[in-house]
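Have a look at the structure below before the remarks.
Each value in this text was obtained by applying a stated rule to the coordinates, not by laboratory testing. As the structure is a prediction and not an experimental result, all values here were calculated from the model. Ideal geometry is used to build each Cβ from the backbone, glycine not excepted, and the neighbour counts take in all protein chains shown.
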Amino acid sequence: MLEKTTLGRTGVEVTKLGFGAMEIRGPRIWGGRPVTDKEAETILNAVLDSGINFIDTAYDYGRSEEFIGRFISHRRSEYFLATKCGCTVINAGDHDETPHVWTRENLLHNIDISLSRMKTDYVDLWQLHNPSVDQVESGQLVEVMKEVQQSGKVRFIGISSTLVHITHYIESGAFDSFQIPYSALERAHEDVISKAAAAGAGTIIRGGVGRGEPGVGLGNADRWETWNKADLDELLDEGESRTAFLLRFTLSHPSMNTTIVGTKNPSHLAENLRIAQKGPLAPDIYEEAKRRLTEAGESAQA
Ligand SMILES: NC(=O)c1ccc[n+]([C@@H]2O[C@H](COP(=O)([O-])OP(=O)(O)OC[C@H]3O[C@@H](n4cnc5c(N)ncnc54)[C@H](OP(=O)(O)O)[C@@H]3O)[C@@H](O)[C@H]2O)c1
């Protein structure tokens with residue numbers, strides 16, 4: 001059984017290990033890897049078979065929403081579905097560009113297309129995809145989101161955001177959840193996660209396994225340099241991988257609700273499930289890792 005937490009004021013129980021569906025976007029967006037129909041069908045169904053009940057995607061994640069609609073919409077009651085808006089997708093020949101457009105018209109377009117691609121009448125969580133405070137205010141986007149919520153197309157509203165904007169949103173109380181980047185290699189938002197939870201919002205962590213190891217996933221060598229500086233290899237359990245340690249570090253944050261780890265590889269999913277079942281790090285190892293990271297220059301921002 002996977003551990004669950006309550007996603008803030010939504011009151012919904014979500015598995016602490018969630019699934020980020022960006023890895024099945026395909027090659028047209030942000031240099032993504034090719035993905036076959038069979039691979040997408042396999043990984044999405046394996047996610048649900050494992051008991052993971054939280055899936056995150058976005059209007060601009062290439063083929064991700066389409067695959068969700070085609071391959072798991074018949075299992076709709078098994079997952080809490082989060083998508084994002086404020087996006088456009090523009091054909092630029094050999095790839096797609098994805099500029100954001102923060103208008104009422106675009107948000108209304110986004111939700112209708114997302115619902116039709118994902119073959120569902122509602123999304124559980126509709127998130128703004130990284131706008132600035134100015135963009136949210138000048139587009140009156142919270143009002144637009146509430147209007148869509150009233151229509152029943154979305155149950156809860158959230159935002160994907162980072163410092164410094166996120167502080168304003170936490171104080172405003174307008175959003176039910178925050179999607180926040182965080183791992184041992186990227187601790188800037190450690191205290192922000194606690195503040196969001198203390199304000200009653202749900203916390204959704206992205207980048208929870210450091211975006212994959214350098215040269216393989218989206219992780220980069222600079223980010224992983226922190227690992228070496230802090231000598232975290234010394235804290236690994238016998239036979240434990242670096243990814244396992246990172247995931248357990250993320251799961252150790254007392255205010256995180258779910259971490260939406262991205263993978264299109266079923267054996268990585270199986271590994272992540274095994275790790276998640278092991279649970280958070282032992283308290284002394286967690287404290288020692290944070291001490292070493294701080295000493296290496298990777299600390300939480302006040
Ligand atoms: N709101 C935003 O602005 C935003 C931005 C980025 C991402 N996101 C969301 O957050 C999710 C996750 O974030 P992320 O993709 O940045 O970071 P992540 O989940 O930390 O890293 C994903 C990478 O890790 C690799 N990986 C996963 N499990 C592994 C394992 N057991 N061993 C080795 N490698 C492993 C994956 O490659 P394989 O496929 O080869 O396993 C993939 O390349 C995305 O899917 C998306 O839903 C949101």
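Among the residues of the range 129-140, those identified as more than 21 Å from the chain's Cα centre (by Cα) and surrounded by 17 or more Cβ atoms within 10 Å (Cβ to Cβ) are Q135, G139.
Table: residues versus (1) over 15 Å from the mean Cα position of the chain (by Cα); (2) more than 15 Å from the ligand (Cβ to nearest atom).
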position: L185; (1), (2): yes, no
position: A188; (1), (2): yes, no
position: S194; (1), (2): yes, yes
position: R242; (1), (2): yes, no
position: M256; (1), (2): no, no
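Regarding D112, is this residue under 14 Å from C87 (Cβ atoms) and loosely packed, with under 15 Cβ neighbours inside 10 Å? So D112 fits the description; yes.
The residues of the range 190-206 that are hydrophobic (A, V, I, L, M, F, W, C) and either in contact with a Leu (Cβ under 8 Å, 6 or more places away or on another chain) or not in a helix (DSSP H, G or I) (or both), listed by number, are V192, A199, A201, I204, I205. Does the range 1-13 contain at least one residue that is in contact with an Asp or Glu (Cβ under 7 Å, 6 or more places away or on another chain), assigned to a strand (DSSP E or B) and among the charged types (D, E, K, R)? Yes, the range 1-13 contains a residue that is in contact with an Asp or Glu (Cβ under 7 Å, 6 or more places away or on another chain), assigned to a strand (DSSP E or B) and among the charged types (D, E, K, R).
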